[in-house]
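Right, one structure below, let's go through it.
The values are calculated or read from the model by the stated rules, or taken from the named source; none is laboratory data. Computed from a predicted structure; not experimentally measured. Using ideal geometry, Cβ is built from the backbone for each residue, glycine included, and neighbour counts are taken over all protein chains shown. These accessible areas exclude ligands, DNA and RNA; they are computed on the full protein's heavy atoms, side chains included. Shrake-Rupley method; radii C 1.70, N 1.55, O 1.52, S 1.80 Å.
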Amino acid sequence: QVQLVESGGGLVQAGGSLRLSCTASADIYDMAWFRRAPGKERAFVGAINWSGSSTDYSSSVKGRFTISRDSGRNTVYLQMNSLKAEDTAVYYCAGRSAPGYSRYEYAYNYWGQGTQVTVSS
């Protein structure tokens with residue numbers, strides 16, 4: 001069973017930046033970030049393929065957030081810039097045991113425990 005461990009959450013002022021990290025305990029294919037805001041369902045944030053050559057973002061974060069992957073490919077990052085109060089959520093890392101990223105939760109086999117991001121306005 002692959003384990004995903006997130007880190008990097010915290011409290012930041014609106015307009016600030018944070019970088020989240022997610023490390024997998026074994027080789028993993030495509031990875032993604034989702035988030036659950038207070039009172040809302042978990043939602044897709046962005047995804048990256050195994051090689052790091054292709055990414056996808058939700059419209060709400062495109063242009064502000066960037067997903068990347070380290071050369072070993074088992075750690076994925078979410079660089080969050082120009083943060084807004086509405087970005088406040090628990091952020092979850094997800095991974096797949098097969099190629100092909102998706103915007104849907106059911107496509108992912110592995111999940112991290114989540115890390116809290118709070119943006120103060």
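Restricting region 71-119 to residues that are farther than 14 Å from Leu20 by Cα and under 11 Å from the mean Cα position of the chain (by Cα), the residue that is most open to solvent (accessible area, probe 1.4 Å) is Trp111. Take Ala47 and tell me if it is assigned to a loop (DSSP other than H, G, I, E, B) and either under 13 Å from the mean Cα position of the chain (by Cα) or more than 26 Å from Ala14 (Cβ to Cβ) (or both). No.
Within region 10-28, the set of residues being surrounded by fewer than 17 Cβ atoms within 10 Å (Cβ to Cβ), out of contact with any helix residue (DSSP H, G or I) (no Cβ under 9 Å at 6 or more places or on another chain) and assigned to a loop (DSSP other than H, G, I, E, B) comprises Gly15, Gly16, Ser17, Ser25, Ala26, Asp27. For region 99-121, filtered to residues that are part of a helix (DSSP H, G or I) and not aliphatic (A, V, I, L, M), the residue that is farthest from Arg35 (Cα to Cα) is Tyr106.
On the given criteria, is Ser59 touching a strand residue (DSSP E or B) at 6+ places or on another chain (Cβ under 8 Å) and exposed (fewer than 14 other Cβ atoms within 10 Å of the Cβ)? Considered against the rule, which asks whether it is touching a strand residue (DSSP E or B) at 6+ places or on another chain (Cβ under 8 Å) and exposed (fewer than 14 other Cβ atoms within 10 Å of the Cβ), Ser59 comes out as no.
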